[in-house]
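Report on one structure; see the data block that follows.
The values are calculated or read from the model by the stated rules, or taken from the named source; none is laboratory data. All of these numbers come straight from a predicted model, not from anything done at the bench. Cβ sites come from the backbone with ideal geometry, for glycine too, and all protein chains shown count toward neighbours.
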Amino acid sequence: MSVEKREARQPWILLSPALTAVTLLLFVPLLFILVYSFWLRTATGADVAGFYLDNWQEALTDPFYRDILISTLRIAAITTVACAVMGYPSAYFIARSQGNKAVLLLLLMLPFWISYIIRTMSWINILGVSGALNSALMALGIISEPIQMLYNEVTVILGLVHFLLPFMILNIFVSLDGIDTNLENAANSLGATKWQAFLQVTLPLSLPGLAAGGLLCFVLGAGTYITPLVLGGPRDAMFANLVFEAIITQLNWPLGSALSLMLLAVLGALVMIYNRYLGMAQLMKGLG
Amino acid sequence: MNFHPESAPVSSVTLNNIVKRFGTFTAVHKANLEIPEGAFVTLLGPSGCGKTTNLRMIAGLLDPSEGEILIGGKRVNEVPIHKRNLGIVFQNYALFPHKTVAENIAFGLKYRSVPKSDVARRVQEALDLVQLPDVGHRYPKELSGGQQQRIALARAIVIEPEVLLLDEPLSALDANLREDMRVELKRIQSKIGVTTVFVTHDQSEALAMSDKIVVMSAGRIEQVGTPEEVYNTPASEFVANFLGASNILAGGCASKDANAALLDVPLFGSVLVPADKAPAVNAGDAAKLVLRAEKLVLKAPGSDTTGMVTAEAVVETVDYQGQTVRYFLRVGDTQLQAINMIDGRPFAEGQTVTAAFRPQDCAALAGA
Ligand SMILES: Nc1ncnc2c1ncn2[C@@H]1O[C@H](COP(=O)(O)OP(=O)(O)OP(=O)(O)O)[C@@H](O)[C@H]1O
Ligand SMILES: [Mg+2]
């Protein structure tokens, strides 16, 4: 075998365990879901195998699903922007701090040691009717009756930001950390103020990290059902809650399958658009 | 670019008692330095001696803990880097990877109310000056290391800086390219006449390029002088050894007058060192003879050594280096080093030779 052929084969050999796992654990189940989505759920509760388009028709035409999909994307977008705005300064601070970077990164990872569900539920202890904030406000005499702060869209977004912020910070940090600090120094020496140097040099060079963090936050945020379940009210359901509802509560696997594939398609399309847009972006040329 | 000497902004840099501490560690001890207008000054010293620290303080990237920095006669301690009008070339070039070469060079012009129409012209002039006229549209990663180096230089000088600061700009290049860039850098510097502070730990680079060399060791300035001065009249043992190899022979000064100092050293006896090469030596005190390895010549026994100081020696090691040979000799209990041009065949290990030098080639240091 020629060297070229062997070298061409090598990555596939190295990738094969991962590919096997992905195939078995992801693509095969996905295929089942796809097949399920064309089955029919009868009034008696039994599933009829076959090729029926009823679930797809319901999922694609019912304005109820469309509205929740739109509000899901909106919540994910707001969350992503909030994470970017809050995460960038933190990531910058960590990347530029000398010596204690490792400690700061460890602190950033700390929340991951606690279950996401528990972290989400902790907001009930903070914002709930008998939670820390209400108790404090009442003790200070600012309010006489506890305020209902939980179970609305704002708390859902709050919970999502709490959950997703570390992902955003890590992604931005990685790209900032890879930027030579002499680039900013060089810009300063050429006459740019700190802020101008940041806008001209550091920010554009960190965009890939910001984009990766944004994508991750958006996809994770749009696909979550725990946060709205724990922190949202009855009207704050997100799309994944509908899937959860269909499959777990109503045991309607065919409809749940169609809905989950719909969400997958929307998010997948976004990822692809993103990829394509970034792939063509001028700045990637310089980073190579 | 307006590289007319009369309009070029020339100025000098002064360090007054500069101290830089990092926590409890003192990286620079009371540095005093005067850099004349238009000079090419090199900070030379081993790794960690504080060269970069000094340069970064001049640049405004570090604040001195004590002391004063003057550029063009004005105190700049409180002036932020972007207002100092300096050109800096970093060791790793620090070109903006997301900007084209032309955009890189034009970067500094944006902050200097240069009319749009002039920007393109000045960028092209800078590219011509570094002899890369056709790469403006490329991205830095599409250039070789040496080309990136030139662009970094072009970017630094296009803004007509008061001072050009270079931190080991050649160290990332391979040996041949390094020699070329050394010549190139010197050519460009003398053409635009900008005051230049150059940092290196390579003594041959320093000797070849500088008007003035500042030899540093462990945060202290050991000596400031022309390449000839630091080479021929080292002010300390450190300088003598850092700039090429030297043999240091401890002895005493028997007498001294206006012309010469008479040193008594082991192995060779009395050596008459010219007074200007023994400025710190006093009669009756301990003194050290500095004998450069290139000045110690090996001769076959019985050769003519008129006017030279000699001793019998045995060749211990022969280190063949192409045009030159480095010998390690044993004279009595002492090992000496000699670097000689090859003239015919080099001497062989174990051979007995006459080691000889001219006393006027030596320098003397005070102390034991
Ligand atoms: N930010 C810092 N914090 C603590 N110590 C520092 C810092 N920067 C430099 N030093 C110390 O100061 C001393 C001088 O450093 P400097 O970078 O000036 O050396 P240098 O002469 O440029 O060496 P090299 O040739 O290796 O570049 C070194 O001992 C270094 O460890
Ligand atoms: Mg250095």
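Observations on the model:
- For region B:42-85, filtering for residues that are away from ligand 2 (no atom under 16 Å from the Cβ), surrounded by fewer than 21 Cβ atoms within 10 Å (Cβ to Cβ) and either within 21 Å of the chain's Cα centre (by Cα) or of a type in the set (S, T, N, Q) (or both) leaves 2.
- Matching entry among B:LEU177, B:LEU185 (being within 16 Å of B:LEU43 (Cβ to Cβ), away from ligand 1 (no atom under 16 Å from the Cβ) and not in a loop (DSSP other than H, G, I, E, B)): B:LEU185
- Matching entry among A:GLY223, A:GLY209, A:GLY159 (being closer than 24 Å to A:ASN125 by Cβ and under 21 Å from the mean Cα position of the chain (by Cα)): A:GLY159
- From the list B:ASP304, B:ASP319, B:ASP276, the lone residue that is acidic (Asp, Glu) and more than 21 Å from B:GLN360 (Cβ to Cβ) is B:ASP319.
- Applying a threshold of 6 Å to beta carbon distances and a minimum spacing of six or more residues, or different chains, the list of pairs starting in region B:341-368 at a residue that is assigned to a helix (DSSP H, G or I) and ending at one that is of a type outside the set (D, E, K, R) reads B:PRO359/B:VAL271; B:PRO359/B:LEU272; B:PRO359/B:VAL309; B:GLN360/B:PRO274.
- Per-region count, region A:183-196, residues crowded, with 19+ Cβ neighbours inside 10 Å and either polar (S, T, N, Q) or at the interface with chain B (Cβ under 8 Å from one of its Cβ atoms) (or both): 9
- Check on B:GLY73, more than 14 Å from every other protein chain (Cβ to nearest Cβ), within 15 Å of ligand 1 (Cβ to nearest atom) and at pLDDT below 95: no
- Looking across B:ALA235, B:ALA218, one residue alone is within 19 Å of B:HIS201 (Cα to Cα) and surrounded by fewer than 16 Cβ atoms within 10 Å (Cβ to Cβ). It is B:ALA218.
- Residue list for region B:250-277, filter: closer than 21 Å to B:VAL239 by Cβ and touching a residue at least 40 places away in the same chain (Cβ under 8 Å): B:ALA250, B:CYS253, B:ALA261, B:LEU263, B:VAL271, B:VAL273, B:PRO274, B:ASP276, B:LYS277
- Residue within region B:162-171 that is more than 16 Å from ligand 2 (Cβ to nearest atom), away from chain A (no Cβ under 14 Å) and not basic (Lys, Arg) present: no
- Residue among B:ALA94, B:ALA106, B:ALA152, B:ALA120 that is buried (at least 20 other Cβ atoms within 10 Å of the Cβ), assigned by TED's automatic domain parsing to the domain that holds B:THR195, of a type in the set (A, V, I, L, M, F, W, C) and farther than 19 Å from A:PHE198 by Cα: B:ALA152
- Scanning region A:34-64 for residues that are within 30 Å of the chain's Cα centre (by Cα) and outside any loop (DSSP other than H, G, I, E, B) turns up A:LEU34, A:VAL35, A:TYR36, A:ASN55, A:TRP56, A:GLN57, A:GLU58, A:ALA59, A:LEU60, A:THR61, A:PRO63, A:PHE64.
- Flag for B:ALA208 being in contact with a helix residue (DSSP H, G or I) (Cβ under 9 Å, 6 or more places away or on another chain) and within 15 Å of B:PHE90 (Cα to Cα): no
- Of the helices (runs of 4 or more DSSP H) that lie entirely inside region B:193-243, those containing 2 or more residues that are away from ligand 1 (no atom under 12 Å from the Cβ), over 8 Å from the mean Cα position of the chain (by Cα) and away from chain A (no Cβ under 14 Å) span B:227-232, B:237-242.
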